[in-house]
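Notes follow the structure.
The values are calculated or read from the model by the stated rules, or taken from the named source; none is laboratory data. From a predicted model like this one, the values you see are computed outputs, not experimental measurements. Positions of Cβ are generated from backbone atoms using ideal geometry, with glycine treated the same way; all protein chains shown enter the neighbour counts. Side chains are part of the model used for accessible areas, which takes the heavy atoms of the whole protein and leaves out ligands, DNA and RNA. Shrake-Rupley method; radii C 1.70, N 1.55, O 1.52, S 1.80 Å.
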Amino acid sequence: MTDSTLFTENATQPEVISAFYANDYAQVIRLCSEILNIDPANAFAQAYLAKVEEALDEGYGVPLDLRRRFHQANRLAQLQQYTEARAIYEQIIGTARSQGIPQWGQVEAALLRIDSYEAALPLVAQAEACLAQDAWEETITFYRQALAVAPDLKNVAAKLESILLLMDKVQHLWSLVETPVMLQRESVANFVEAIQEAHLLLVQWPASVRIRTLITKIEEATVALSARLHREIRECLELARQFEHPRVAAGLLRRARGLLAYTESLPTENNPFEDLTAQVYALETQLAVSREVERQISVLPSESLPYPMDTDLTLNGDGATILVGIDEAMQRIMRMCEQAQTLNRELDICRVALTCETIEAIVALPAGNVEAPSDNFLWWEPWQKARTIIAEISRTLSLWQTTRNSDVVRRVYTLLEQIHKLSDGLIYPLGIMLQEIYQRWAVIISRYTAAESPEFSVHSTESNQG
């Protein structure tokens, strides 16, 4: 380095530094270029040129009007108006160069992005055309090719992810539908979940023929499953009527009730299982009454007859005692028959209540006349309390329809809890039916009064149903 070179560098350095911090990058470039013409390896000039290049890449030192136009072009690019954005970017570069700014890295990068976007858009268009034709595999291929060209292309990654997820769901649903449904809780629950998920997919993709085909297949499988359940429940009832042994009949009825539980979640029309449900309840009532009659008769010899039945006695003395015992036994059996008739009559009230699907149906329930039995059955008084509560729920819901008052809804849930408590102490058929009313009405009421109702959870009754 000669003395003249050293003198030029020392004299120019303060000007370079002053121009740099004043954002006069054109002056910095001019001065550093003069130094490098004299001393090409000058570290000071090279360092400040690098600083200027970095600052220009970030937009520092660029005039305000150019920065505003740059942001305008960016907004156009975001709206996919690439031709207009490109024209503005190119104008910015030309103006910047005329003002002594040789390059602006952000603008040049934006131009490169537009090039990639314009190359990717035809691929996106092909992907969407394939999607409209339900060609999901080709759609995925074109979306992936578009992302390879322009990785940050707007919404394409999200669309690709949604198509991949759709394909996985549809394949999973097809596997569920094509697998025979076992009459077990988990298998039926999976099938019902598949029905719901398929209809949700149709809402999201209403034009998809593949999804409509899947739903048609699901509907066919639903009809087949309903027919199979109907047939097996009917067979259980027929066998329960044939078997004289109470335990065998009770087991068959439990099986029938379990199968009926599966039908509640199936989307069937006109409730084809309503008649079978009534038959199950009727047979359970008959079975419960017959068990009680057998128990009463089994204790008659020890309670009423002082002698074995084959003892040869006259109508005098001990014979008269036997006749009295038989008369008492007959009266007891007659009371059992009256109790069975009364119980069956009262169970009809439960059956009507269980047909309700809406609040309007609950409100419209008939009051029904109370015909007290001649005998004072132990279950009669708590059952009358339950009947009163059912009528009170109907009246209270009628009030809620008018007022929409949340306090009225709380009153309804309080009454439902009272039904739940009463069901634990009632005899078998009535207790079970009250549990069913409690569960079904709680679901109906919570569905219709969700906005006004307090937090409420239905108690599990699986042990009672078992």
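Observations on the model:
- Ordered by 1.4 Å accessible area with all protein chains kept, E346, E186, E128 run largest first as E186, E128, E346.
- Shown here is the pair-distance distribution of segment 346-406: with all Cα-Cα distances grouped in 5 Å bins from zero up to the longest one, the shares run 4, 16, 25, 22, 15, 9, 6, 3, 1 percent.
- Average accessible surface for segment 124-260: 57 Å² per residue, computed with a 1.4 Å probe over protein heavy atoms with every protein chain in place.
- GluC sites (Glu not before Pro) restricted to DSSP loop in segment 352-430 with at most 16 other C-beta within 10 Å: E357, E371
- Within-12-Å neighbourhood charge of A198 [Cβ basis; K, R +1; D, E -1]: +1
- Candidates per GluC sites (Glu not before Pro) in segment 199-253, loop by DSSP, up to 16 other Cβ within 10 Å: E244
- Qualifying lysines (Cα of each under 18 Å from Cα of K421; at least 8 residues distant if same chain): K385
- With DNA, RNA and ligands ignored, accessible area of C130 (1.4 Å probe; Å², nearest 10): 20 Å²
- Global form of segment 385-448, assessed from the alpha-carbon gyration tensor, a/c cut-off 1.5: prolate
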